[in-house]
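All remarks here apply to the structure that follows.
The values are calculated or read from the model by the stated rules, or taken from the named source; none is laboratory data. No experiment lies behind these values; they were computed from the predicted model shown. Don't worry about glycine lacking a Cβ; one is built from the backbone with ideal geometry, like all the others, and counts go over all protein chains shown. What goes into the accessible areas is simple: the full protein's heavy atoms, side chains included, and nothing from ligands, DNA or RNA. Shrake-Rupley method; radii C 1.70, N 1.55, O 1.52, S 1.80 Å.
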Amino acid sequence: FSYVEDITNTIDFIDRQLDENSSTSVIEDISMTRRNIVVFETMIKPALPIFADLEKGKYPKLNGEMMPYWSNILDHLQKIWDRLEDNKELIEGISRSHESLVSTRTNEIIKVLTMFTAILLPLTLLASIYGMNVHLPFADSVSAFPVIILSMLVLAVFMIFFFKFRDWL
């Protein structure tokens, strides 16, 4: 029972650390806890039918004075198995929550980068067009540079307000 209690405490610790720690350490903790549960289940699972048979009296040579204890041992093993199953469900839920948090963080980063790119793309296009050595409107004017810079600023501010209005930013 103490080993199962250690697993439960580890799951509680992982749950508390889900928001605080880096995802690498949480992933390692989740992975180790899953492995520990599986290893412990592989030790308990074969013992359940053996002690069930001993409780039923299937092996007469082993049933003498130990007969009253087989059901106690089977009951303890069954409780351990049930707690392991509960812990397995908990760690799976925590794992899904962690994946969801990481996905949400990634989506937020991608959203910001996409907005940054969407704002800079028309500005880059305008700068590239006026950087060519061809005859373009305002190209011969002395005030061409300030007009182009002003139009680029107006376009960038307009796009930022548009994204804010659409609640994308």
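If the viscosity is 1.002 mPa s and the temperature 20 °C, what translational diffusion coefficient in µm²/s does Stokes-Einstein give for the chain when Rh comes from Kirkwood over Cα pairs?
Numbers: Rh = 22.2 Å.
D = 97 µm²/s.
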- Item | Principal axes of the stretch 45-98: Cα extent on each, largest first, Å | 52, 15, 10
- Item | Paramagnetic label zone (point 7 Å from Cα along Cα-to-C-beta, Ile73; backbone N under 11 Å) in the stretch 37-52 | 47-48, 50-52
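Send over a whole-number figure in Å² for the accessible area per residue of the chain, probe 1.4 Å.
Per residue, the chain has an accessible area of 70 Å².
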- Accessible area of Asp12, 1.4 Å probe, to the nearest 10 Å²? 70
- Task: Taking the Cα centre of the stretch 44-169 as origin, work out the dipole magnitude from +1 charges on Lys and Arg Cβ and -1 charges on Asp and Glu Cβ, in debye rounded to 20.
- Result: 80
- Task: Give me the number: length gained by fully extending Phe1 to Arg34, i.e. 0.36 nm times residue separation minus the C-alpha to C-alpha distance, one decimal in nm.
- Result: 10.2 nm
- Message: Counting only protein heavy atoms and a 1.4 Å probe, tell me what percentage of the stretch 78-144's accessible area is made up of carbon and sulfur.
- Response: 64
- Linear extension gain, Phe162 paired with Leu126, 0.36 nm per residue minus alpha-carbon span: 11.0 nm
- Task: Just name one of Met43, Pro60, Gly131: the one whose Cα is farthest towards the positive end of the charge dipole of the chain (beta-carbon charges, Lys/Arg +1, Asp/Glu -1).
- Result: Gly131
